Amino acid sequence: MTPDFDVAVVGAGIAGNVVARQLANAGREVVLIERGETPGSKNLSGGVLFGRGLEEVFDGAPVERRITRHVLQTLKAEASVGLDYADARLGSPANAVSVLRAKLDPWLASRAEEAGATVLTGVRVDSVLRDEGRVVGVRAGEDDLTARVVVAADGINSFVAKDAGLRGPDDPAHLGLGVKAVVALPRTVLADRFRLAGDEGASYAVVGDATLGVPGGGFLYTNLDSVSVGIVVRLDALAASGRSSAEVFEHFCDHPFVGGLLQGGEVVEYGAHLVAEGGLRGLGGLVGDGIVAVGDAAGLTINTGLTIRGMDLAAASGLAAARAIEAALAASDVSKASLDAYRRDLMSGVVGRDLTTYARTPGVLARPRLYDDYGRLLADALRGAFAHDGTPRRPLRSVVRGALKGSGVRAKDLVGDLWAGVRGL
Ligand SMILES: Cc1cc2nc3c(=O)[nH]c(=O)nc-3n(C[C@H](O)[C@H](O)[C@H](O)COP(=O)(O)OP(=O)(O)OC[C@H]3O[C@@H](n4cnc5c(N)ncnc54)[C@H](O)[C@@H]3O)c2cc1C
């Protein structure tokens, strides 16, 4: 029997939209199936997109600001220590931009539709169809839809990749939970508070008291007329802490450092979403007979400690998958061996190399001292250097030694963490 479509793509996030558009452009019959009422309606990202090298996907996309300022901040209840890096060179060409998924995803879907893909919204795929072990389509409710190739682009929970046997059960150690709000503020207020000119933007990565000591961090990214503010914490550590994600998020927003930046703003969007945190170790199977997985469905996210990257990986995997699927369709061979060209292409390119570079990072980020002790150590050392209490000054080395002693961090642990950081970050 002739299949209904050449390709059925499940999920109209970044990855799915890219695959659908590329293959429709190549003249293939493509259906893009999205459970949300509109593409992007259920999607959530912090919002900094590292789109260099992906102009083919993002040229003309609705973006907010060019990120030219990166702030790294550790918080204590009563102190904060930061590193403020601003560089005009990051703006031209734009190194990273802030985006809002509620605008970006519908734009990407409209491009897929213009290319000729059939976009079905409000339809949830429940399982894959098989014939002699090979994936031959998907089932949504009572309806079966057949295709030569199925693309699992249904995000981090990917029922499709799991049902096809590409992924096993989720490992909580490889998952983070993100909570994010978009807070509207007048453009002039944003420019003053975040020291921005024109369409320049700022990105803040925050650790320490940000997350009440739960491994993870907070972020603030500026949009044109709003700030994206959120936290991402390790799911297993959050459960062990007995705290709720909403509690950690509220604590972050109430900290004077963050509260001052958001003051007077109006919350216009709020949501929670899982994040893949395992890096290379969290990667699922990418190909099977008649199926490929892209983006979060494949576990493709990199948390470098300074940035979370998933959107660019979703787009890059979508491009690589589309190339391999087109070649497989042209050769009338959609077996796993044929589609494996996608895995080889992806893993030998920037995505695979970055995953390898940051393979040790999740282990570094799991070290608990990062989230409390070092922030306190830094703040105490600086207090010793700056606070004049009428007693004779001590040399800096003695101040630092005193702060180290007071922090309870053993020299052995400090050296171990530094060494792990050098190797893993
Ligand atoms: C709090 C947070 C902050 C982040 N910050 C950043 C950041 O700053 N920069 C960055 O690059 N990345 C960031 N990420 C990661 C990034 O959001 C993801 O990597 C990216 O969204 C993955 O895109 P995707 O297309 O693979 O999946 P998604 O965007 O999740 O899209 C999956 C789509 O599939 C649909 N779907 C799911 N199940 C079904 C089904 N059964 N049937 C039909 N449709 C289905 C969904 O509705 C959705 O539209 C962040 C993530 C979170 C949670």
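Run through the stretch 48-91 and list the GluC sites (Glu not before Pro) located in a DSSP loop whose Cβ has at most 14 other Cβ atoms within 10 Å.
Those satisfying the criteria are GLU78.
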- Based on Cα positions only, what radius of gyration and what Dmax would you give for the chain, in angstroms? 23.1, 89
- Alpha-carbon centroid distance for the pair the stretch 365-410 / the stretch 1-67, whole angstrom: 48 Å
- Which whole-angstrom value gives the distance between the alpha carbon centres of the stretch 114-172 and the stretch 89-108? 28 Å
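Taking only C-alpha pairs under 8 Å that are 6+ residues apart, what is the relative contact order of the chain in percent?
Working: 909 pairs, mean separation 79.3, N = 425.
Once normalised by length, the contact order is 19 percent.
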- If one compares the long axis through the Cα atoms of helix 411-424 with the longest principal axis of the Cα atoms of the chain, the angle in degrees, nearest 10, works out at 30 degrees
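Helix-only estimate, please: 222 nm mean residue ellipticity of the chain, summing -39500 (n - 2.57) across DSSP H runs of length 4 or more and dividing by its residues, to the nearest 500.
On the way: 15 runs with 154 residues, N = 425.
Helix contribution divided over all residues of the chain: -10500 deg cm²/dmol.
Diagonalise the Cα gyration tensor of the stretch 372-424 and give the resulting equivalent ellipsoid semi-axes, square root of 5 times each eigenvalue, largest first, whole Å. Numbers along the way, then the final one.
Numbers: eigenvalues 122, 20, 17 Å².
That gives 25, 10, 9 Å for the three semi-axes.
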- Query: How would you rank HIS388, HIS174, going from fewest to most other Cβ atoms within 10 Å of each one's own Cβ?
  - Reply: HIS388, HIS174
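Going by how many other Cβ atoms sit within 10 Å of their own, how do ASP380, ASP296, ASP389 line up, fewest first? Working shown, then result.
Numbers: ASP380 20, ASP296 31, ASP389 4.
Lowest to highest Cβ neighbour count: ASP389, ASP380, ASP296.
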- Sequence neighbours fewer than 8 away in the same chain don't count; with that in mind, list the lysines whose C-alpha is under 18 Å from LYS42. LYS103, LYS180
- Query: What shape does the stretch 350-394 have by the C-alpha gyration tensor, where a ≥ b ≥ c are the square roots of the eigenvalues, rounded means a/c under 1.5, and otherwise prolate means a/b greater than b/c and oblate the rest?
  - Reply: prolate
- 0 to 90° range, to nearest 10: angle between helix 101-115 axis and the chain longest Cα axis: 20 degrees
- Query: the stretch 20-54: which GluC sites (Glu not before Pro) are DSSP loop and have at most 13 other beta-carbon atoms within 10 angstrom?
  - Reply: GLU37
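Express the Stokes-Einstein translational diffusion coefficient of the stretch 140-182 in µm² s⁻¹, to the nearest whole number, given a Kirkwood radius over alpha-carbon pairs, 10 °C and a viscosity of 1.306 mPa s. Write down the numbers at each step before the final one.
On the way: Rh = 13.0 Å.
Value of D from the Cα-based Kirkwood radius: 122 µm²/s.
What is the stretch 1-44 by shape, rounded, prolate or oblate, if you read a ≥ b ≥ c off the alpha carbon gyration tensor as root eigenvalues and call it rounded for a/c under 1.5, prolate for a/b larger than b/c, and oblate otherwise?
On the way: a/c = 3.39, a/b = 1.74, b/c = 1.95.
Judged from the Cα gyration tensor, the stretch 1-44 comes out oblate (a/c at least 1.5, b/c at or above a/b).
Just check the stretch 98-153 against the gyration tensor rule for me: Cα atoms, a ≥ b ≥ c as the square roots of the eigenvalues, rounded for a/c under 1.5, and otherwise prolate or oblate depending on whether a/b exceeds b/c. Don't skip to the end; give the middle numbers.
Numbers: a/c = 2.41, a/b = 2.16, b/c = 1.11.
Cα axes put the stretch 98-153 in the prolate bin.
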- Task: List TYR374, TYR221 from most exposed to least, where exposure is judged by having the fewest other Cβ atoms within 10 Å.
- Result: TYR374, TYR221
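Every number here is computed from the coordinates shown, using simple stated rules; none is lab data. If you're wondering where the values come from, they're calculated on a predicted model, not measured in any experiment. Here the Cβ is made from the backbone with ideal geometry for all residues, glycine too, and neighbour counts use every protein chain on show.
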